[in-house]
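What follows is a short report on a single structure.
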Amino acid sequence: MTSGGSHSHDGSAAGTGDGSLSSVEAYQSAILAAITPLAPASLELAAAEGCVLAEDVTAAVALPSFDNSSMDGYAVRAADVAGASKDAPVTLRVTSEIAAGDTGVYRLVPGTAIKIMTGAQLPAGADAVVPVEWTDDGIAQVRIRRPADPGNAVRYTGGDAAEGETLLSAGTRLRAMQIAVAASAGRKSVSVRPRPRVVVLSTGNELTEPGTPLVPGRIWDSNSYMIAAAAREAGAVAYRRAIVPDDPAGVLPALQEQLIRADLLITTGGVSMGGEHDVVKAALRELGTVTFRKVAMQPGMPQGFGVIGGDGAGGVGAKRGVPIFTLPGNPVSAYVSFQMFVRPAIAALQGADDLSLPSVRATLTAPVRSPSGRRSYLRGVLDGSKVTPLSGQGSHQIAYLGRANALIVVPERETRLPADDEVDVLVLP
Ligand code: AMP
Ligand code: MG
């Protein structure tokens, strides 16, 4: 998994409690170690996009399964048109026409031509196709102005894949291209690890549903919409649960209610560094299966991860636990945390490891600052090989987040970088 590029830092231990700082990598590894892939299911192709194959897909037949024409033109024997030129065209009688989808059996008589369409079966006895552009497009007979080599404009049986050949391997994520391959291989359904079902809950007494009036002291809930959208961007099926108030007695029941339909739970808020209002931390601490720690990064230092709702038995019939992330409440912190930790976890639920953000090198157009000992993920605008840090880097500054397309990675050991320095940049989805 990529975590921010080449400037890795492993000066801090994984950390098991609140005391020490975990490195980003150590925390990522701890998360992935706790995640087991979802069970495979058979899905029809139309529903399988974004899922990850749990089986190999092989070609039921050779691809193509018959010799056919790659152009509209005339099927011929190459030998019959070998002498054709602009000045001395070869004229052949056209005996019939084969359209794409025609399943009839045709045989080319030497010294004649058969009109043929793209994708139509090559008639027996023909070994080349003369494109219509090289001819007068004749109907009863055709004048051919150029010779065609044997095999010209012919797509041979098995030229794409042999019968039985593995076309897609288990572990492949099914995008449009791979869906097409499976369909071309004759598959109606495939065994896949499905898109994980993610439930997002936001906590906080200050939260108000967008679209309803705001009173002083309240804010509209953005996190639950943002994280659900981010989860969908990462290929999950995401549900948003209504706002959960800061009521210690209410948090666990709200989570438990979701266990039945969730492969992954995400909360935001309520995990700060202490205080009686940090209800998520207080409620989950009691379960003993969720660990809260500080990660050496900014934003996003306070993190919690664990597994809840399982019976711990393992094996057949055991109740599977649901991984839970408790993300910090500040929107920018929640967003960056999602990209660094939850995206790879969503991939792991599908038995894949392809969801880390792409990392590129770029030149800073302005200096940046960063706290010592923590890796900064600064919001920036990447334009070609240059990246411009945005001026608003506060964890609450959602408006600036909305202008970013990249995260500038400032290594733990750096406290400032000058303009023109080269940095790792994570490209946002
Ligand atoms: P907390 O982690 O609950 O202490 O929240 C930290 C900051 O994030 C506070 O300023 C909260 O108001 C803000 N915040 C928490 N949840 C949300 C949310 N769902 N949408 C927008 N801001 C939030
Ligand atoms: Mg809160």
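The values are calculated or read from the model by the stated rules, or taken from the named source; none is laboratory data. Computed from a predicted model, the values in this text were never measured in an experiment. Positions of Cβ are generated from backbone atoms using ideal geometry, with glycine treated the same way; all protein chains shown enter the neighbour counts. With ligands, DNA and RNA removed, areas are computed over all heavy atoms of the protein, side chains included. Shrake-Rupley method; radii C 1.70, N 1.55, O 1.52, S 1.80 Å.
For Ile35, the solvent-accessible surface with a 1.4 Å probe is about 20 Å², rounded to the nearest 10. Can you tell me the FRET efficiency between Ser272 and Ala176 if r is taken as the Cβ-Cβ distance and R0 is 51 Å, rounded to the nearest 0.05? FRET efficiency, Ser272 to Ala176: 0.75. The simple Förster model, with R0 at 51 Å and r as the Cβ-Cβ distance, assigns Ala46 and Asp87 a FRET efficiency of 0.40.
The 1.4 Å probe gives accessible areas that order Tyr27, Tyr239, largest first, as Tyr239, Tyr27. Cross-link partners of Lys386 among aspartates and glutamates, defined as those whose alpha carbon lies under 15 angstrom from its own and excluding same-chain residues fewer than eight positions apart: Asp420, Asp421, Glu422, Asp424.
Given their separation in residues at 0.36 nm each and the Cα-Cα distance between them, Glu133 and Glu422 gain 98.7 nm when the chain is fully extended.
Here's the picture: charge each Lys and Arg Cβ at +1 and each Asp and Glu Cβ at -1 in the chain, and of Gly50, Ser184, Gly306 the one pushed furthest to the positive end of that dipole is Gly306. Accessible surface for the stretch 92-139, divided over its residues, is 48 Å² per residue with a 1.4 Å probe. For the stretch 122-254, a crude dipole built from +1 on the beta carbon of Lys and Arg and -1 on the beta carbon of Asp and Glu, taken about the Cα centre, is about 240 debye to the nearest 20.
Normalised per residue, the accessible area of the stretch 232-312 is 42 Å², obtained with a 1.4 Å probe and no contribution from ligands, DNA or RNA. Across the alpha-carbon atoms of the stretch 301-429, the computed radius of gyration and Dmax are 17.5, 58 angstrom. Overall dimensions of the stretch 201-270, expressed as equivalent-ellipsoid semi-axes from the Cα gyration tensor (√(5λ), whole Å, largest first), are 21, 16, 8. Phi angles of the stretch 138-143 translate, via the Karplus equation with coefficients 6.51, -1.76, 1.60 and θ = phi - 60°, into HN-Hα couplings of x, 9, 7, 9, 10, 9 Hz per residue; Gly and Pro are given as x. Among Val94, Val295, Val57, the largest mean-square fluctuation in a Gaussian network model of the chain (Cα springs under 10 Å) belongs to Val94. Length gained on full extension, Ser169 to Leu287, computed as 0.36 nm times the residue gap minus the Cα-Cα distance: 38.5 nm.
Using only the C-alpha atoms, the convex hull of the stretch 250-335 corresponds to 103 Å³ per residue.
If you take all other residues with their beta carbon under 15 Å from the beta carbon of Ile114, and give Lys and Arg +1 and Asp and Glu -1, the sum is -3. Rolling a 1.4 Å probe over the protein heavy atoms gives the stretch 39-81 an accessible area of 41 Å² per residue.
A Cβ-based charge dipole, computed about the Cα centre of the stretch 186-344 with Lys and Arg at +1 and Asp and Glu at -1, lands at about 940 debye. Compared with the dominant Cα axis of the chain, that is its longest principal axis, helix 24-33 is turned about 70°. Taking all protein chains together, Tyr335, Tyr225, Tyr400, Tyr377 sort by accessible area into Tyr225, Tyr400, Tyr335, Tyr377, largest first [probe 1.4 Å]. Considering only Val76, Phe66, Val90, and ranking their Cα positions along the charge dipole of the stretch 51-105 that arises from unit charges at the beta-carbon of Lys, Arg, Asp and Glu, the one farthest toward the positive end is Val90. Antiparallel beta bridges, as assigned by DSSP with both residues in the chain, represent about 65 percent of the total such bridges.
Split the accessible area of the chain by element, probe 1.4 Å, and carbon with sulfur accounts for 53%.
Kirkwood analysis of the Cα pair distances in the chain returns a hydrodynamic radius of 25.7 Å.
Placing +1 on the Cβ of each Lys and Arg and -1 on the Cβ of each Asp and Glu in the chain, which of Thr365, Gly321, Gly119 has its Cα farthest towards the positive end of the resulting dipole? The residue sitting farthest along the positive end of the dipole is Thr365. Amide H contacts for Ser96 (H built 1.01 Å from N in the peptide plane; partners 5 or more residues away or on another chain; cut-off under 5 Å): Lys115. Relative to the longest principal axis of the Cα atoms of the chain, the long axis of helix 223-233 makes an angle of roughly 30 degrees. Could I get the Rg over Rh figure for the stretch 82-186? Both from C-alpha atoms, Rh via Kirkwood, rounded to two places. In the stretch 82-186, Rg relative to Rh is 1.12. Have a look at the DSSP beta bridges in the stretch 279-429 and tell me what percent are antiparallel, nearest 5. That works out to approximately 90 percent antiparallel.
With viscosity set to 1.002 mPa s at 20 °C, what whole-number translational diffusion coefficient in µm²/s follows for the stretch 293-375 from Stokes-Einstein and a Kirkwood radius over Cα pairs? Translational diffusion coefficient: 140 µm²/s.
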